[in-house]
Every structure is written in structure tokens, then in C-alpha cells.
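The values are calculated or read from the model by the stated rules, or taken from the named source; none is laboratory data. Keep in mind that what you see is a predicted model, and the values were worked out from it rather than measured. Because the Cβ atoms are built from the backbone with ideal geometry, glycine has one as well, and the counts that use them run over all protein chains shown.
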Amino acid sequence: MAPAGMAGIDEGLLYSMLRVDRFPHIWCPGCGHGIVLSALVRALGGKIAAGAVDPAKVVIVSGIGCAARAAGYLNFDGVHTTHGRAIAFATGIKLARPELKVIVISGDGDLAAIGGNHFIHAARRNIGLTVVCFNNSIYGMTSGQYSPMTPKEAKATTAPYGHIERPFDLCELALACGATYVARGAAYFAAKLTDYIAGGLDHEGFAFIEAVCGCPTYYGRRNGMSRGVDMLRWQKEHAVSLSRVDRAAPEELAGKFVVGVFRDVNEPEYTREYERIIRLARQQAAGEGK
Amino acid sequence: MPAGTERPILLQGNEACARGAIEAGVRFFAGYPITPSSEIAEILAEALPAVGGKFIQMEDEIASMAAVIGASLTGVKAMTATSGPGFSLKQENIGYAAMAEVPCLIVDVQRTGPSTGLPTSPAQGDVMQARWGTHGDHPVIVMTPSSVREVFTLTVESVNWSERLRTPVILLMDEVVAHMRENVVLPSVTELGLWERKRPSVPPGDPGFLPYAAGPDDVPPMADFGGGYRYHVTGLHHDVRGYPIHEGAEAGELVLRLVRKIERHAAELQRVEWVRGTGERGPRPPAGWPGNASRATVVVSYGSTARSAEAACELARRSGREAILLRLVTLWPFPDAALQEAARLVADRGEILVVEMNLGQVSREAARAAAGRVPVRHFGHVNGELVTPAEIAAEIMRAGGER
């Protein structure tokens, strides 16, 4: 049976969303990014097929890193920006043209380290961006340095003795900053991930979807999971559904990650709020003209 | 805000910049508070929504530069304003705008540096940062106003050049020009003219559309994001499709084209004003100058310092020394031809004296352009104080070079 996220989407449409002439992509064998990109394409394809999204109005914004290359593979207006700044570029695009569907693709280093400031402020503003974080817990493009998402004790090229820092919980961070749609999925649960991204695309305000995925080349090899399948198995064994968290004992949750939709609420979206400012300013200007 | 004014109005430099931006068609501003440029943001926060434009105060300087580029990609004229420390932070994304050919205006109101320096004091220490602040070879256009009226006209012209050549343009002001108030009659934009970026001539979906294929003018037409062209923009070296490429001839050609598209307009861009102490001013030196004077000085200056230099030339003349001001309006591309003309005028009877509020940034360029034909001397200081007419006049009088 086809996963939920694939239902009813024409294959021709899916291919029209990809620049297949750009393949082969740069990602290593076993990399989880392809699965996450596929989930994004299916989620977006569903919206396009349903007429909810006009492909001419989609803009893909990415920063720097392995994940960021996805912008070049997607057949939409796309901007592959500077390291960490994707959300800031996207903010300008969305505010200038609120009718655009602006999707940000960012790795965990790009989003949570160098781009952390933009992430928290975009969430606070509740600007209508769909941000998908390809979280593989490592800097892949630069060959395996630790990121803000590298677990404590894990090995990285810059943590050869084991990592001493604590990682972020990106979803908790997004929630604390006021994001109005927050979800976490994983490459292993591709169909669910597709649904989470689709939910983010439907959302009017700031939507954040963390996609846990594996980098066998630069994370896995140093941490006992040298094949892509090892990393997928790790995701399967360590994911806990949000619906089970309340019933789970604390020791059951140790070392695990929670998947699900943490928040989906409507609050005034930033560019809508700005439209109100334009009306006010125009009224005042007209009043002064009298 | 009215287009142009018939009667003189009292206006501050930063206000003139904001007005010029609105008149030039700027409809997006992203910035971050910093002295001495904040008034530009404050005025535009009020003025932009009233004309249907957008203003946003971003979380930092880097983000504001990024947002400006994002907005411009959607077809909107966009700008930011900052000062030295913020200008430093924006440099990476200024390079991005140069590489991806995204029009935008960056106003840098210079204050005394390095670092936080003297936040409320003037300086002209960002001349080289404006030229070379971002890494890698790249072209740049930098204009620098001396008066409130010129802040207005150069803001409009900077936006025009940016749109016309798809390049970031830097308007380099200094704290004095930004904060001084003058009675001005503003020209209308019909007088100044407005440029719009060139858009693709083929419809969206046309297989012949190549987003980075330039015509004979070396400027590719620019499609608005959301217009259906569905193209890729990157700061990596890219081909005519906008896709990343590797080292080689195509990569080199890209940077050469970026430089060439500006150099094509060098003659039009390299603007100067020759000012004689008598108030005569024009794009060419006064005919016959310096006559049969045995000693003569060309004072080269720009920004607020040029105002002192103009007065100094008059003081020197009253003391019997022939001096003329060559005021630079464009700093980059550097007006080599005017400097060569200056060297010719004072050859074997004088010198070029470069007056600037730094330890020698334009003076080295002036010396390069003069190529040893005449002595080029620098005068200036970096203590946050204006260079006074009396100081400059004394320097003019100190010059040797008797025929």
C-alpha cells in the first residue's frame, strides 16, 4: 500500500517538481536527505495537485550545507543563500510578496548554529514560512564536525574524544519562541514526515518541521552506524510517538526522540499584521492630506 | 511626501536619503538600529507603509542585508542603511548580491572606527571597506554626497544604477552630511529620471529563458520571483542557467562579466565636481586655471570634508596661493581621469592635496592615478573632529612646488 503522503499524486507532477537534469545529486549513498526531500516533494505535490498551491508562487530558500543543495534540485524559484541566512532571505521574500509560498530548507548546523538568531526571531514574528530542518546531527559538507544537534558523547572530527556539549531540542526551541506549527518526523517514517510537512504547508504562520535523518558517512561511521540502514534502524528504535509520551516512564524516554505534531494553532501571521499597518499608514496619510 | 519641492525646505541629510529612496521607487527597507543612520529607518518605518511599501527591523545587521536581497528578488526596489560596525557585518551578503546580481542600495553613514569607535562622530574610514569589504574580486559602485540636496539626488541615482546594472550600490555618507540640516530645493524625479531593472523578454515557461545569460551590455534581464520563471539563484559560481559550476573558463568569465558591466559605464559613473573658491563649479576645471600662477594646488576631497576644503581654497587664494577643489562624487569606480587632469594642471608647479577623515584611503588611489607626475600629499585626522578650513588652508600654504 502506498504511504499516505503519496496517495493520489501523479508521478508526472512529482517529476515536474524536480530538476532531474541536475542529478545525480551530491548526497552520499545511505544519506537520509533524499528521503526527506522526497517527503517534501510529495507533501508539496499534494498541495499543487489539490490546487491549494500554485507552483509559480513557490519559492525555495536554502542556506549552505548538504541539505541546502536541495534548493537546486527543486524546479521552483529558488535561492541558495549564504550560510545560516536562509530564513532572513526568506523573511524579505515573504514580506515583499506575501502571496508567495516560501519554503526554507536548512541543515541543523545552518539552522541552529550560524542561523540560530534568524530561526528564533522568525518563529517569534510568526511569519508565514515553512521551515524544514534536515537534521543529521553533523556538518556533512565540511566532513563531520559537531553541530548544535550532535548528541553528548558522540564522536565528530572536532570532538575526537567524545562530545561534551548538550544538543538543542529544536522543537522545544521553536515552541518556546512562539512558532505556531511545530512537528518532528524522521526519514524512517517517511509517510508520516510527508504528512507533517503537508501540515506545515497548510499552516498560515511560522511552521517548523524537524526531519531526523542520517549521515552515515560523517556521523554514522564514527558512531557505530556506518551504513544508511543502520541509521534508519536507529531512528526506528529511538523514536517515541507523541501520543505515547504521557504514558511512558521517564527511563523509557531516555535517549529517545519524540515524533509528532507538537503545536498547530492559529495566531496572527506577520505579513497579515503588516497589511493592517499599511491600511493604518494610508488612512493617516489621507487624513493629513485633508 | 511630495515629489520635489518648489520652495526651500529645511531638511536633514538622513531625511533627504529617506525621501530620495521613496522617490526612487524603493518599497522595501530592512535594517537594524545603529547611530548615526537610524533616522533613515525611523522615517521609512513611517513613510513606506503609507505608499504600500514594507519596512522591517530585523534581528541583526546580517539579517537585514539578507532580507533586502530576498525582497529585491521578488522585483521590489530594496535598501538598507547602517554605519561602520553594521557595514562590516553586512559584507558577506553584499558579496552575495554582487555575485547573484541582485539590485539593492546600502547606505553607510560613516562614523569613527575601528570597532565601536566614536559612534556619534564623523569619519571617512570606510572607503576601502566599501570597495573591498567583501571577499573575492567583485565590482562595486560607491557614491558619496557632500550636501543634503546631493544626498537626495545621489540616493535616487544610486537606486537607478543598482537597478540598471543589477548590482549592489553603496551610498557612503558621513555623520556630518547625515545629520546636518540645510535649506534645500529638491528636484523632481522627472528631472532625475528613473531606471527599472530589465525584465525577461520571453514569457514564463519559455525553454529559451536563461536567467544569467547577458546581452551585449553584460547585464542579464531579471525575472521576479513568483513570476513563473522558476529559476535558481546562488552565490556559487554559476552558469547561464544559474546552476553551480566548477573552476575553469566559465567560472572566470562570470566574474569578468560582473566587472565589465560596471566598467562599461565608467565614464558616466566617475563623477566629480571642480569648485573654484569663487563659487564656480562644474564637471570640468575652469578654463585657463591656474593661469600663470607660479604655485598651484588641487585639493581633492569628498563628503563633508569637501565643504571645509572648498572654504580652505578661498582662504588660500586670499593669501595669494592658487588652489582649486576637485570634489569626488563617485569613489568607485575611482575617477582616474579627473585625477590625471588634476596632475596635468599642476604639473611642475604644485601638488595634489587629498583631504579626508582617515589616514589615507583616497590619497593612495589619487597617487596611483597621478602616477608620479606630481606630488600627492594626504592630510586628515581620525579623532572624530571635522577637518577645518583653517587647517586645510595652512596645509595648502605649506606646499612647495614653485616653478
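Listed values, structure above:
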{"quantity": "Region A:121-152: number of residues that are among the charged types (D, E, K, R) and either more than 14 Å from chain B (Cβ to nearest Cβ) or in a strand (DSSP E or B) (or both)", "calculated": "1"}
{"quantity": "Criterion (touching a residue at least 24 places away in the same chain (Cβ under 8 Å), surrounded by 18 or more Cβ atoms within 10 Å (Cβ to Cβ), away from every other protein chain (no Cβ under 14 Å) and closer than 30 Å to B:P335 by Cβ) met by exactly one of B:W289, B:W274", "calculated": "B:W274"}
{"quantity": "Yes/no for B:F209 being outside any helix (DSSP H, G or I), within 12 Å of chain A (Cβ to nearest Cβ) and farther than 22 Å from B:A16 by Cα", "calculated": "no"}
{"quantity": "Strands (runs of 3 or more DSSP E) lying entirely in region A:1-120 (those with 3 or more residues that are at the interface with chain B (Cβ under 8 Å from one of its Cβ atoms) and at positive phi)", "calculated": "none"}
{"quantity": "Lone qualifier among B:R349, B:R377, B:R403, B:R364 - being in the same structural domain as B:G282 (by TED's automatic domain parsing) and at pLDDT below 95", "calculated": "B:R349"}
{"quantity": "Some residue of region B:297-308 being part of a loop (DSSP other than H, G, I, E, B), among the aromatic types (F, W, Y) and surrounded by fewer than 19 Cβ atoms within 10 Å (Cβ to Cβ)", "calculated": "no"}
{"quantity": "Breaking point among (1) surrounded by 16 or more Cβ atoms within 10 Å (Cβ to Cβ); (2) closer than 18 Å to B:L325 by Cβ, for B:R398", "calculated": "(1)"}
{"quantity": "Within region A:233-247, tally of residues that are outside any helix (DSSP H, G or I) and surrounded by 14 or more Cβ atoms within 10 Å (Cβ to Cβ)", "calculated": "2"}
{"quantity": "Out of A:D230, A:D202, sole residue that is surrounded by fewer than 23 Cβ atoms within 10 Å (Cβ to Cβ) and within 30 Å of A:T91 (Cα to Cα)", "calculated": "A:D202"}
{"quantity": "Enumeration of residues in region B:73-130 that are outside any strand (DSSP E or B), farther than 15 Å from B:I62 by Cβ and among the charged types (D, E, K, R)", "calculated": "B:K77, B:E101, B:D126"}
{"quantity": "Test: residue in region B:60-76 that is farther than 22 Å from B:E163 by Cβ and not acidic (D, E)", "calculated": "yes"}
{"quantity": "Residue under evaluation B:A97, criteria (1) surrounded by fewer than 24 Cβ atoms within 10 Å (Cβ to Cβ); (2) more than 8 Å from chain A (Cβ to nearest Cβ); (3) closer than 24 Å to A:N117 by Cα, criterion not met", "calculated": "(1)"}
